[in-house]
Amino acid sequence: MNISALASQDNQASRQLVSPKTQLGKDDFLQLLTKQLQYQDPLNPMDNTQFISQMAQFSSLEQLQNMNQSLGNKDTAADQLQTAFLRSQAASLVGKKVEVATTEAVYDGVHNTSLFYQLSPGASQARLQILDANNRLVRDFELSTRQTFGKVKWNGKSSEGVAVPTGAYRVVIAAQDANGKPILGGEVFKGLKVEAVRYQGQEPMLWAEEQQFSLSDLRGITEE
């Protein structure tokens, strides 16, 4: 038997197996190993060390492919689990009152307007100010800087005790540090009752008082 001719056939077969692909899979590797054993020179067969080495490579390749497939499945499962958790969390908020950031205070002419706030670190003095459409001061409240979170109730009256027109007013927090230097005052929240949940992609959207916001927009959850 012409060993060189067989080796040539083996090389051609190997090129045919590899050329259509850019990467070899475990099935391709096994076929190549089988061909190599089938056409090896009987007078100079593959030694045990070489054979064991190639089998170890095959085993490693199979483990890596199985690992990649397993990780891919885990990523999909993790995404599905996260989506289910977010949807469940959002659904549990229906009918409850939550806090979202705002820059306005709405007075309806009847009820007090509740405003929640969070002061920035380093504030030594702070005031919550309510301004009209012309940026004129309507009412201001001195805030305690001993606590980070707080609540203010506005009865719809100006600093002079005069009832103001109904509508939306701008609200800001003016703050100073210990040296009297102006700093960012913090953030104001308003309470909204969650009426519904809409599922858009992976992240659910909450609806309240004709407004839409996500779970990441929430600043807190309050009692009814």
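Read-outs throughout are calculated quantities, based only on the coordinates presented, and are distinct from any laboratory measurement. The structure displayed is predicted, hence computed values, not measured ones. With ideal geometry, Cβ positions are generated from the backbone for all residues, glycine too; neighbour counts draw on all protein chains shown.
Some values worked out for this structure:
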read-out: Taking N as its residue count, the alpha carbon Rg of the range 99-191 over 2.2 N^0.38 Å; value: 1.05
read-out: Calculated SAXS-style log₁₀ I(q)/I(0) at q = 0.17, 0.21, 0.34 Å⁻¹ - the range 125-168, Debye, Cα scatterers; value: -0.53, -0.75, -1.33
read-out: Distance (nanometres) between label positions extended 7 Å along Cα→Cβ at residue 205 and residue 110; value: 3.0
read-out: Residue-span extension gain [residue 34 to residue 83] - 0.36 nm each, minus C-alpha spacing; value: 13.0 nm
read-out: Environment charge of residue 130, counting only residues whose C-beta is closer than 14 Å and scoring Lys/Arg +1, Asp/Glu -1; value: +2
read-out: Local net charge near residue 99, Cβ-Cβ under 9 Å (Lys/Arg +1, Asp/Glu -1); value: +3
read-out: Cleavage-rule hits (trypsin sites (Lys or Arg not before Pro)) in the range 93-182: DSSP loop, at most 10 neighbouring Cβ within 10 angstrom; value: 136, 146
read-out: Convex hull projection area averaged over all views, the range 142-224, Cα basis, nm²; value: 8.5
read-out: Greater than 19 Å apart at Cα, pairs in 97/151; 151/190; 153/181; 97/190; value: 153/181
read-out: Euclidean distance between Cα centres, the range 161-224 to the range 88-149, Å; value: 7
